[in-house]
Amino acid sequence: MKQKNKMLSHKDVKTLFETKLTQLTSLAAESRNETIFKNKLNDYLLSAHIKNPIAAKNIARLIENDSKTIYELSTEKEIEIKTISLLWQFLTNRITDEETSVDLWLDLYQQFLRLYHVPNNIPNEKQIRQWMKRWPGGLNEDVRAIRNANKERIISLLIKKIENRHAPSSRYVFPEGINDEEKRQWVNQWWNEARFHLALAIKKPHGTEQDVGQLPFGRNNAIVSAGT
């Protein structure tokens, strides 16, 4: 896995866990395997040490889904979720640096660090409505017109992409011999299926500018840069 973060090494992040999250590293050291570690971690999330219930809920979800297998629609492959299992291996020196990105450990470090900080005040309904008034809503006629135009443009791009899909196992391919209008009807029919959008998702930054379409000034370049 390609490492993106050049500021901290795996050793640096391991030191952060050992100095700032001592209870977590102790739980890992006391556990003979991933299952015991997950059980201990679940019990710890219920202790008085935890100050942020939202962060605890996020960690509990990672534990619950650990070792589950899911079908990744964008790649059309089965993958196993091993976030907490990998964390136990990392904290107990059972995994090499080359096997994982340092970004994964930094992300988990920040998630566990949140357990000990009281969450910021959540804005009330009045504040949210005031913020929402700053920008036109999705029902605004101009916004709807832009959205509809973008949809038609994206459908045209998807038609070209589907025309190049020849895998017999793929669900989203056109019947032989249909015309352009019939192809547009097929895409419109698939449009409301989540599987369709995941199967045709953008996987590389190349061509992102064309796919992104009309966004506020500067955001297109930001999205393309983020993908590189």
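Brief remarks follow.
- Which numbered condition Ala55 fails, given (1) within 19 Å of the chain's Cα centre (by Cα); (2) within 13 Å of Leu86 (Cα to Cα): (2)
- Within the range 63-83, being touching a helix residue (DSSP H, G or I) at 6+ places or on another chain (Cβ under 6 Å) and either more than 28 Å from Arg195 (Cβ to Cβ) or without any contact (Cβ under 8 Å) to a residue 40 or more places away in the chain (or both) holds for Ile63, Asp66, Ile81, Thr83.
- Spans of helices (runs of 4 or more DSSP H) in the range 48-159 with at least 1 residues within 24 Å of Arg32 (Cβ to Cβ) and of a type in the set (Asp, Glu): 53-65
- Within the range 111-150, the set of residues being surrounded by 11 or more Cβ atoms within 10 Å (Cβ to Cβ), over 30 Å from Lys51 (Cβ atoms), without any contact (Cβ under 8 Å) to a residue 12 or more places away in the chain and not aliphatic (A, V, I, L, M) comprises Pro136, Asn140, Arg144, Arg147.
- Complete set of residues in the range 160-172 that are hydrophobic (A, V, I, L, M, F, W, C) and modelled with pLDDT of 90 or more: Ile162
- For Gln3: the one exception among (1) modelled with pLDDT under 95; (2) loosely packed, with under 10 Cβ neighbours inside 10 Å: (2)
- Residue satisfying condition, being modelled with pLDDT of 90 or more, over 25 Å from Tyr71 (Cβ atoms), out of contact with any Asp or Glu (no Cβ under 7 Å at 6 or more places or on another chain) and polar (S, T, N, Q), within set Gln210, Gln185: Gln185
Here's the yes/no breakdown for (1) modelled with pLDDT under 95; (2) of a type outside the set (A, V, I, L, M, F, W, C); (3) exposed (fewer than 15 other Cβ atoms within 10 Å of the Cβ):
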residue: Pro53; (1), (2), (3): yes, yes, yes
residue: Leu62; (1), (2), (3): no, no, no
residue: Asn65; (1), (2), (3): no, yes, yes
residue: Tyr71; (1), (2), (3): yes, yes, yes
residue: Glu76; (1), (2), (3): yes, yes, yes
residue: Thr83; (1), (2), (3): no, yes, no
residue: Leu87; (1), (2), (3): no, no, no
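- When residues of the range 96-108 are limited to those that are in contact with a helix residue (DSSP H, G or I) (Cβ under 8 Å, 6 or more places away or on another chain) and under 20 Å from Lys68 (Cβ atoms), the one surrounded by the most Cβ atoms within 10 Å (Cβ to Cβ): Leu108
The values are calculated or read from the model by the stated rules, or taken from the named source; none is laboratory data. Because the structure is a prediction, the values reported are computed rather than measured. Glycine also receives a Cβ, built like all others from the backbone with ideal geometry; neighbour counts cover every protein chain displayed.
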